[in-house]
Amino acid sequence: MFDDIVWLKIKDGNGTARKLFDRHYSRYLYKDGRRPKLFVGPGEKMVLMTPDQSALFVWRKFISGDGQEGVNCSVFRNEGPLLSSYLILEAEKLAYERWGNQRFYTYINPSKIRSTNPGYCFKKAGWSVCGVTKVNKLIIMEKILKP
């Protein structure tokens, strides 16, 4: 049944998705120990999980504090067998269906990943480095779809 379905749309707060999110390097732990049910944050959002529950992708459209415009990939975690670049391309299709021809962007923290080529899977999916944040020196990557 799910042979050609790559992503399933799920709700923010999904328990299985939260477990994947909890293993993502961007996971914020509150000092007071609270664990809000929702983990994506404010704004328009699309939470995606693979049918085998091994990968999580979150799109978010919100007002960025650093002037970035477009639709943000705020979380991507792949613990499954599918190529990350393939999963990214498939997630882009769903974001395009929802928001149209928008700029896609993401932040990569090179100090939190093992790769010697931070953002490699995004690069393989056609994304490019467009800057570095002033705070925390996060790499900003983007993809602008051509109509």
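The values are calculated or read from the model by the stated rules, or taken from the named source; none is laboratory data. The shown structure was predicted, so the numbers you read here are calculated from the model rather than taken from an experiment. Cβ placement follows ideal geometry from the backbone for every residue including glycine, while neighbour counts extend to all protein chains displayed.
Inspect the range 48-62 for any residue being surrounded by 14 or more Cβ atoms within 10 Å (Cβ to Cβ) and in contact with an Asp or Glu (Cβ under 6 Å, 6 or more places away or on another chain) and give the result as yes or no.
Yes, there is a match, as at least one residue in the range 48-62 is surrounded by 14 or more Cβ atoms within 10 Å (Cβ to Cβ) and in contact with an Asp or Glu (Cβ under 6 Å, 6 or more places away or on another chain).
From the set of residues in the range 81-112 that are exposed (fewer than 14 other Cβ atoms within 10 Å of the Cβ) and of a type outside the set (D, E, K, R), which is modelled with the lowest pLDDT?
Here the answer is Ser111.
Cys73: surrounded by 16 or more Cβ atoms within 10 Å (Cβ to Cβ), out of contact with any Gly (no Cβ under 9 Å at 6 or more places or on another chain) and closer than 20 Å to Ala17 by Cα, yes or no?
yes
In contact (Cβ under 8 Å) with a residue 12 or more places away in the chain, more than 17 Å from Glu44 (Cα to Cα) and of a type in the set (Gly, Ala, Ser): does that describe Ser128?
yes
Just checking, how many residues over the range 57-99 are at positive phi and in contact (Cβ under 8 Å) with a residue 24 or more places away in the chain?
Total meeting the criteria: 1.
Being more than 18 Å from Val58 (Cα to Cα) and either aliphatic (A, V, I, L, M) or part of a loop (DSSP other than H, G, I, E, B) (or both): is that true of Asn136 here?
yes
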